[in-house]
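First the structure, in the form of structure tokens, and then the observations on it.
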Amino acid sequence: MNRLLPSGPTLPPLFLRIPSFISLLGSLVLTASFPSRAQRVASAAPQPQRVDTTASFTLPFDLVGGLIVLRNLTLNGQQGDFLLDTGNTTALAVESTAFMDQLQPSSSHAVGHGATGTVAVQELPVTNFQVGAAHYSGFIAQAFSLAAIRRYVGPRLLGLIGYGLLREYEIVIDYPHRRVSWYSLNVAQPTRRPFVRQDSLAFTLVRGAPVATGSIGQVPVQLMLDTGAAASNLDTAFCQTLAPADQPTSGRREPIAGSDNHQQLAHQGTLPTLLLGSTTWQNLPVVVFPLSQPVSGRALGYQGILGYPFFIQHKVISFHYGRQQFYSLTPSVPAKAAP
């Protein structure tokens, strides 16, 4: 993948083989929670209550096939691994079999909607969830089978951390050093950031997921910024609306499976150009397949997903949920630290 800036050098190509059994498993959208337009998600359900006032903290992570795995977090007394998943529109999605004796029927969401299909959803009342220095309680996690992604990430995977927890932070992901920093947006004295913000990309919140607007040729495109995606993806029907010269090249075809074990055929290709803000990206590796549409009949809200191959080009990135901005970052001396 090459990045064409208004001026300056391009980056070398990056290609990533996509395992056939993992495709956007973390992009969970609960069908009963769809608002009518992109907005900050409001819910009548109990929201996560943070019981500490820590301004910032940093956690190490392991990178498994492009997915950010936070090890040894504690949920309701049980310790395990969690994915940092900006595409997850809930606060927390958990593996149902790990909490069978604590589950209750869902009060509002019969099914969860993912990129390739739907899954049955139950609820887990959260009494304590500890993420680094942050402690949460008093909310409901959505529980369903994560068996497909567990086969990829490991059997200790307990869940996916999503919008309901991330929205109170600027989340900084440092891929080279394998660490993620959480900067609270709701403290009287915010922690100074040891970095300078470079390129920025505005996003809107579509059911809690960050979605940026760009263009492919003359066609506008909405793309979810999803750390829970090992690949970048485009919807088949959308690609057919592009001019032939702007369509992804068609490469190897293989079946992909979602969290409901539904399989469909996808093909790997290369998108010639993508314009995001003032930056043009060339030769973007993508996987093309039909994105599952909401059963409600409303529009999905995006035509594709930018995943790990896109983020790693920046090396250090942040999601600032208060400003609704995605940033590329570079380290700085303390005097130039960003507020």
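Every number in this text was worked out from the coordinates using simple rules, so none of it is lab data. This is a predicted model, so every value here is computed, not measured. Note that we place each Cβ from the backbone using ideal geometry, even for glycine, and neighbour counts take in every protein chain shown.
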What would the Debye formula give as log10 I(q)/I(0) at q = 0.09 Å⁻¹ for the alpha-carbon point model of segment 194-331, no solvent? -0.27
Roughly what would the spin-label model give for residue 236 and residue 218, points 7 Å off Cα along C-beta, in nm? 2.7 nm
Taking every pair of alpha-carbon atoms in segment 46-184, what share in percent sits in each 10 Å bin, from 0 to the bin with the longest distance? 12, 46, 35, 8, 0
